[in-house]
Amino acid sequence: MALIANSIVALVALLHVYFLVLEMFLWDKPLGLKTFRMTPEKAEVTKVLAANQGLYNGFLAAGLLWGLSLGDEGLSIKLFFLGCVIVAGVYGAMTVGRKILFIQAMPAIVAVFLILLS
């Protein structure tokens, strides 16, 4: 069970690395424009804000990977960063769109559940 839980934690970390890349480097590129349903003009105006948001997603990924690297000793770190991901996902779902709840928060909720079971 611990292997499955840690695999889901790794998946959440990889998702946040992907979010970092989208928000920091692809925001105003075709994939970023399509993903976030934006015009090039709106992307240009919000590019700096998106890069900042991407950086925070990178910190979430780094924290999760740090927790994973510590093995059993990283339990509290993994739970803390998963909690941060869940809060961010719920807030995003409330303020931006419900889809964020399923893309961001749900994998983290599953990871917490599996960690607590293992």
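We did not get these values from a lab; they are worked out from the coordinates using the rules stated. Computed from a predicted model, the values in this text were never measured in an experiment. Don't worry about glycine lacking a Cβ; one is built from the backbone with ideal geometry, like all the others, and counts go over all protein chains shown.
Would it be correct to say that residue 74 is more than 19 Å from residue 20 (Cα to Cα), surrounded by 17 or more Cβ atoms within 10 Å (Cβ to Cβ) and either touching a Cys at 6+ places or on another chain (Cβ under 6 Å) or not hydroxyl-bearing (Ser, Thr, Tyr) (or both)? If you could, list the steps in order and put the result at the bottom.
Working: more than 19 Å from residue 20 (Cα to Cα): yes; surrounded by 17 or more Cβ atoms within 10 Å (Cβ to Cβ): yes; either touching a Cys at 6+ places or on another chain (Cβ under 6 Å) or not hydroxyl-bearing (Ser, Thr, Tyr) (or both): yes.
Judged against the criteria, residue 74 is a match.
Somewhere in segment 55-63, is a residue under 18 Å from the mean Cα position of the chain (by Cα), touching a residue at least 60 places away in the same chain (Cβ under 8 Å) and closer than 30 Å to residue 117 by Cα? Can you show your working first?
The initial filter retains those residues of segment 55-63 that are under 18 Å from the mean Cα position of the chain (by Cα), namely 55-63.
Now narrow it down to the ones that are touching a residue at least 60 places away in the same chain (Cβ under 8 Å): none.
No; the residues of segment 55-63 include none that is under 18 Å from the mean Cα position of the chain (by Cα), touching a residue at least 60 places away in the same chain (Cβ under 8 Å) and closer than 30 Å to residue 117 by Cα.
Can you find a residue in segment 69-81 that is assigned to a helix (DSSP H, G or I), under 11 Å from the mean Cα position of the chain (by Cα), without any contact (Cβ under 8 Å) to a residue 40 or more places away in the chain and at negative phi? Don't jump to the end; show me each part of the working.
Restricting attention to segment 69-81, the residues satisfying the condition of being assigned to a helix (DSSP H, G or I) are 69, 71-81.
From the residues that got through so far, the ones that are under 11 Å from the mean Cα position of the chain (by Cα) too are 81.
Add one more test, that the residue is without any contact (Cβ under 8 Å) to a residue 40 or more places away in the chain, and what stays is 81.
Right, trim to at negative phi and you get 81.
Within segment 69-81, one or more residues are assigned to a helix (DSSP H, G or I), under 11 Å from the mean Cα position of the chain (by Cα), without any contact (Cβ under 8 Å) to a residue 40 or more places away in the chain and at negative phi.
For residues in segment 7-56 being under 20 Å from residue 99 (Cβ atoms) and among the β-branched types (Val, Ile, Thr), which is surrounded by the most Cβ atoms within 10 Å (Cβ to Cβ)?
Looking at residues that are under 20 Å from residue 99 (Cβ atoms) and among the β-branched types (Val, Ile, Thr), I get 12.
What are the residues in segment 60-118 that are of a type in the set (Lys, Arg) and farther than 30 Å from residue 38 by Cβ, if any?
Here is the first cut: in segment 60-118, the residues of a type in the set (Lys, Arg) are 78, 98-99.
Scanning segment 60-118 gives a single hit, 78.
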